[in-house]
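Just below is one structure, and these are the notes that go with it.
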Amino acid sequence: MARIDPRSEKLSLLSTSRIETPVIYKGIQYTVVATAEPDVFEWRFELGNEVKRGKTQTRLAVVDFTRQVELMQRATETLSQMVRLLRKMPPLETVKALNDRLQGIEGEADDVMLDLLREAYGGKFDPLTAMMVRDLYDLLERAIDRCRDCGNAISHIVLKNS
């Protein structure tokens, strides 16, 4: 769970319960769990029979998500407009224009994702933080992709009914 600490006005990750969801990436299973201490995470890597565990302190407060959040806001606003128009069965050209805008936003989000990953793996973060940041960036990218998928579905509905 994330919250802003009012004393320091920084984002801190707190774990009220220990939810451990392992991630398997190229045969390596890893788990990262927030601890009760601010900015301290427990990690566990498993490769075959070998298991490595430890704790690390990292600062996720320095990660900037503003570009992706702005794109997600634009995508959801466009999708919301498409859903409202769907009730009135608008002309195909109107829906196509909105869907093209949504496709453009998604393409821009892909470019931003590549820039952010280049920055994350360029030495700005320690390896564990880089993996955590990559997962967070990927989650935001998938949300924008889902908006695009919904926009495509709306376009197909209007096309079939025109």
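Couple of notes before you dig in:
- For Met89, the criteria (1) more than 30 Å from Val40 (Cβ to Cβ); (2) assigned to a helix (DSSP H, G or I) hold in every case but one, which is (2).
- Test: residue in the range 103-122 that is polar (S, T, N, Q), in a helix (DSSP H, G or I) and farther than 24 Å from Val40 by Cβ: yes
Residue-by-condition table, conditions (1) assigned by TED's automatic domain parsing to the domain that holds Arg118; (2) at pLDDT 70 or above; (3) within 24 Å of Val112 (Cβ to Cβ):
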{"site": "Thr21", "(1), (2), (3)": "no, no, no"}
{"site": "Gly27", "(1), (2), (3)": "no, no, no"}
{"site": "Leu47", "(1), (2), (3)": "no, yes, no"}
{"site": "Lys88", "(1), (2), (3)": "yes, yes, no"}
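- Total residues in the range 123-161, condition buried (at least 20 other Cβ atoms within 10 Å of the Cβ) and not in a helix (DSSP H, G or I): 1
- Within the range 83-115, the set of residues being closer than 28 Å to Arg67 by Cβ and among the charged types (D, E, K, R) comprises Arg84, Lys96, Asp100, Arg101, Glu106, Glu108, Asp110, Asp111, Asp115.
The values are calculated or read from the model by the stated rules, or taken from the named source; none is laboratory data. Keep in mind that what you see is a predicted model, and the values were worked out from it rather than measured. Glycine also receives a Cβ, built like all others from the backbone with ideal geometry; neighbour counts cover every protein chain displayed.
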